[in-house]
Structures are given as C-alpha cells and as structure tokens.
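Shown next, in structure tokens, is the structure this report addresses.
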Amino acid sequence: MSKPAETELYAPVKSWLEDLGYEVKSEIGPADVVALRNDEEPVIVELKAGFSLTLLQQAVARQSITDLVYVAVPRWKGKPGWRAFKGNVGLCKRLGLGVVSVRLKDGFVQVHSDPIPFRPRKSKVKSRRLLSEFARREGDPNTGGTRGKLVTAYRQDAEKLRNHLAQHGPCKGAEVAKTTGVTRATNIMAINHYGWFKRVERGVYDLTETGRAGG
C-alpha cells in the first residue's frame, strides 16, 4: 500500500484549527499551513506522510517565525507503528515541537503534544549508575559505537572470580572475595549470570564446564 499524500492531511488539519477559532491558509511562504486567531502568535503546521529528518528540519526552521509549530502525520498502524510514533513524539518534545496525528479514514485529529519549551528531567539513579560503572570498569576494553558483546565492570569482576577458581579450585566465597578484591564475589557466583559457577557445598563454589572452557 502506497503512502498517503501530504495533501490528504490538509483538510482534517484545517478543520481542527478552524474549530479552535483560527483562520487557516495553506502554502504561505515556506510553511505548509498557517493559522491566525485575533492578535495571537501564528500557528504553523508542517505536513508529511511520515516522520523523517526532513520534516523535523523544516519544523525547526519554522521556529524562527513562531514558537507555535506543529508537525502533522498520518496515524500509526499496529504496535510497531505506535512504538515508532511514540519515540518520535518524545524527540519532537525535546525540539519544542507539537505533534498531531490524522486518522485519514474519518479525518480525526489527535494532539499528542503542544509546542512548549522542553526541560529534561534528570535521573539521579541513572546518573549514579553511569558514574559507578565508569569508576568500576578497569581500562577501556570496548570500542565506542559497538552493539556487540560489551565488557562491563560486572563481567570484569566475574572474570577475576573465574580466573581465581581456575587456579585454586573450589573455594569459599569469602576467600575469593578477599583474594580478588571483588567484595560481592559470593553474590556474583550465586547468581551465575554467565553460567561459569556452581555451588559444590554451602558457601563453596567451583567452575562449571562452561567456566573452565573460558565462557
């Protein structure tokens, strides 16, 4: 099925704005849609058949004319479409853009966000987690931009434990923690995230075949 034409969005968007008391005209200067109401700041709407970098660039450029800039796209289809749409709404919020969707079968227009200045909320938990990982990770074992297997501080600790057991055989968790400096040694071996460890008796751990093979 081909994408809808941008022109199919215009009538529903115009009706939505007119219901709010605006006078609406299309293709005014660089803007797809311009709406005026009394002496208020103009509203500009950029129409596109789908989210794209071009749409965002055009909408951001219109912010030099007015703060009230919206993007209008056809309503999403299915869960994957909703997830992509939701992510794009979040991006538009960060750019200070409003977002509306148009259900083409009946012209229903839904406002998902209004163009207001974005003030990101910082997460102290996420910040502490990031700084902790940075401090605990030894060296710089990964390549920036990779999406493959990452060497985390947790994995580095687990490797220390695996190497210790490979050299010394079954050991108590407290002994491994003291020798390797990994304070949570017992917890890591008990959780056994990588399948390297097994408990041979209370508080004592050894390597599995996977662990002996190097993971």
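The values are calculated or read from the model by the stated rules, or taken from the named source; none is laboratory data. As the structure is a computational prediction, the values presented were derived from the model and not from experiment. Cβ coordinates were reconstructed from backbone atoms using ideal geometry, including for glycine residues, and neighbour counts include every protein chain displayed. Ligands, DNA and RNA are stripped out before the accessible areas are found, and what is left, the full protein with its side chains, is counted by its heavy atoms. Shrake-Rupley method; radii C 1.70, N 1.55, O 1.52, S 1.80 Å.
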Distance check, please: which entries in K48/K126; K79/K149; K3/K122 exceed 31 angstrom between their Cα atoms?
K48/K126; K3/K122
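Quick check: at a probe of 1.4 Å, how many percent of the accessible area of the stretch 34-172 sits on carbon and sulfur atoms? Intermediate values should be presented prior to the final figure.
On the way: 4730 of 8850 Å².
On the stretch 34-172, the fraction of accessible area on carbon and sulfur atoms equals 53 percent.
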Run the simple label-point estimate for S132 and R212 please: 7 Å along Cα→C-beta, distance reported in nm.
3.5
Between R94 and T54, the two model label points (7 Å from Cα along the beta-carbon direction) sit apart by a distance in nm of 2.3
So if we plug the beta-carbon distance of E27 and R184 into 1/(1 + (r/R0)^6) with R0 = 45 Å, what FRET efficiency do we get, rounded to 0.05?
0.10
Distance between modelled label sites at K122 and R75, nm, 7 Å Cα→Cβ extension:
4.1
Between R202 and Q156, what's the calculated FRET efficiency when r is the beta-carbon distance and R0 is 35 Å? Round to 0.05.
0.80
The stretch 108-168 - convex hull of alpha carbons, volume per residue in Å³:
199
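Sort H164, H112, H193 from largest to smallest accessible area, using a 1.4 Å probe on the heavy atoms of the protein chains. Write out the running numbers ahead of the final one.
Working: H164 15, H112 45, H193 125 Å².
Output order, biggest surface exposure first: H193, H112, H164.
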Return the aspartates and glutamates within reach of K160: Cα separation strictly under 14 angstrom, same-chain partners fewer than 8 residues apart disregarded; answer none if there are no such residues.
E138, E175, D206
Taking Cα extents along the principal axes in Å as the quantity of interest, determine which of (i) 50, 45, 32; (ii) 81, 37, 29; (iii) 51, 36, 31 was computed from the displayed structure.
(ii)
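So for each of 127-138, 48-59 I average, over its residues, the number of other beta carbons within 10 Å; can you give me the resulting order with the highest mean first? Each step should come with its number before you reach the end.
Values: 127-138: 11.0, 48-59: 16.1.
Answer by packing, highest mean first, reads 48-59, 127-138.
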For the chain, report the accessible area per residue in Å² (1.4 Å probe, heavy atoms, rounded to an integer).
64
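So which trypsin sites (Lys or Arg not before Pro) in the stretch 140-215 are both in a DSSP loop and have at most 11 other Cβ atoms within 10 Å of their Cβ?
Working: sites: R147, K149, R155, K160, R162, K172, K178, R184, K198, R199, R202, R212; in loops: R147, K149, R184, R202.
Taking the stretch 140-215 and a limit of 11 other Cβ atoms within 10 Å, the loop trypsin sites (Lys or Arg not before Pro) found are R147, K149, R202.
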Show me, for the stretch 185-198, the HN-Hα J-couplings you get by feeding each phi into the Karplus relation (A = 6.51, B = -1.76, C = 1.60, θ = phi - 60°), rounded to Hz, glycine and proline as x.
4, 4, 4, 5, 5, 6, 5, 6, 4, 9, x, 8, 10, 8
